[in-house]
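Here the structure is laid out as structure tokens; the discussion comes afterwards.
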Amino acid sequence: MTRNPGSGKPPPRGKKVRNTPPGDQRIREEMERLHLQNEMILNAAGEGIFGLNTRGEHTFVNPAAARMLGYEVDELIGRNSHTVCHHTREDGTPYPEEECPIYAAFRDVKVHTVENERFWRRDGSSFAVQYISTPILEDGELVGAVVAFDDITERTLAARRLAGKTKELEEANVALRTLLRHRDRAIEELEEDILANVRELILPSLDQVEEILDTAGVRGREHIGAIRANLSEITSSFSSALCSVPQGLTPREIQVAEHIRRGRTSKEIARTFNISKDAVDFHRSNLRRKLGLAGKRENLRSHLITLGYK
């Protein structure tokens, strides 16, 4: 009696025994192994994955997809995917199936990637997803699509929080710039007040004292000159616009420029700093050269005023 190899039992009576060629058996075993391996990968994947036929019905669903949608795997097989989880937009308006990027893969046979849409759960809640819909071809014929998706709720919330913080920082930066402008203006006003007091109160008083001393024949010109020089040096750091301009002016030239701007003559400036008139004229010449006025007819005082001496 012929026995079926490996079975230990005789073949059924009246039936002819057909042995599977070893090559076909190996192919079938390999296909079963690959099928089992693919199934294990789908079941272990953390992202949601489901397959669709050309009617948009689920042909397979992995556990992650079913869990995120609030179903059991068996409950989703054979059901229309768009009706189940993609029927409504985030704003509550209906999402027509013909506009669905997932189903677009059936029409244009192209991969469609969407960064931020909504999938709906069984309980009516929704969550933010990004997904990719890839058409499936067998022997060049479209048979469906496979969809892989991720829940990006946390990432979306984090992006919104970051956007909110960015906006807060931008608003704070605007407020800070405004405060700095107010501060700078307050400093400028304070400097202007100090200069005005020096020019309108202190310097005229010094002139009067100097005249009184001259009339009385008292030697005090040197002291008055020193006082004028000290005042000029104290106020020159913020009274002269030239200080912030890279003109290469010396401290003495800046002081002389301030007095020229105020309309004082070379003789008056010489008396203020207790130097000779020739020395003042020398500084005048240097100022004209450094300010680009050498050989020009432009008035030095007028030019200094246009540089910012208000």
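The numbers here are math on the coordinates, done by the rules we state, and not lab data. The structure presented is a predicted model; accordingly, all values stated were derived computationally and were not measured. Counting neighbours? That spans all protein chains shown, and the Cβs are built from the backbone with ideal geometry, glycine included.
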Original post:
What are the ³J(HN,Hα) values, in whole Hz, obtained from phi via the Karplus relation 6.51 cos²θ - 1.76 cosθ + 1.60 with θ = phi - 60°, for each residue of the range 56-63 in sequence order, with x given for Gly and Pro?
Top reply: x, 9, 5, 9, 8, 9, 7, x
**OP:** Calculate, in nm to one decimal, what HIS182 and LYS167 gain on full extension: separation in residues at 0.36 nm each, minus their alpha carbon distance.
**Re:** 3.1 nm
**OP:** Could you go through the range 133-139 in sequence order and give the Karplus-derived ³J(HN,Hα) for each residue, using 6.51 cos²θ - 1.76 cosθ + 1.60 with θ = phi - 60°, rounded to whole Hz, and x for Gly and Pro?
**Re:** 10, 10, x, 10, 10, 10, 6
**OP:** Could you line up PHE119, PHE50, PHE127 from fewest to most neighbouring Cβ atoms inside 10 Å?
**Re:** PHE127, PHE119, PHE50
Original post:
Once fully extended, how much extra length lies between TYR95 and ASP74, figured as 0.36 nm per residue of separation less the alpha-carbon to alpha-carbon distance?
Top reply: 5.0 nm
Original post:
Given H placed on each backbone N at 1.01 Å, which residues far from PHE60 in sequence or on other chains put an amide H within less than 5 Å of it?
Top reply: GLY51
Original post:
Arranged from highest to lowest average of other beta-carbon atoms within 10 Å per residue, in what order do the peptides 128-135, 111-118 appear?
Top reply: 128-135, 111-118
Subject >> R0 of 22 Å, Cβ-Cβ distance ALA229-ARG301: FRET efficiency to nearest 0.05 >> reply: 0.65
Subject >> Amide H contacts under 5 Å for LEU293, placed H, 5+ residues apart >> reply: none
**OP:** Take TYR95, TYR71 and order them by how many other Cβ atoms sit within 10 Å, fewest up front.
**Re:** TYR95, TYR71
Original post:
For the residues GLU210, GLU99, what sequence is obtained by ranking on other C-beta atoms within 10 Å, fewest first?
Top reply: GLU99, GLU210
Original post:
Which of the aspartates and glutamates could be linked to LYS290 by a straight reach, that is with a Cα gap under 19 Å, when you skip same-chain ones fewer than 8 residues away?
Top reply: GLU253, GLU258, ASP278, ASP281, GLU298
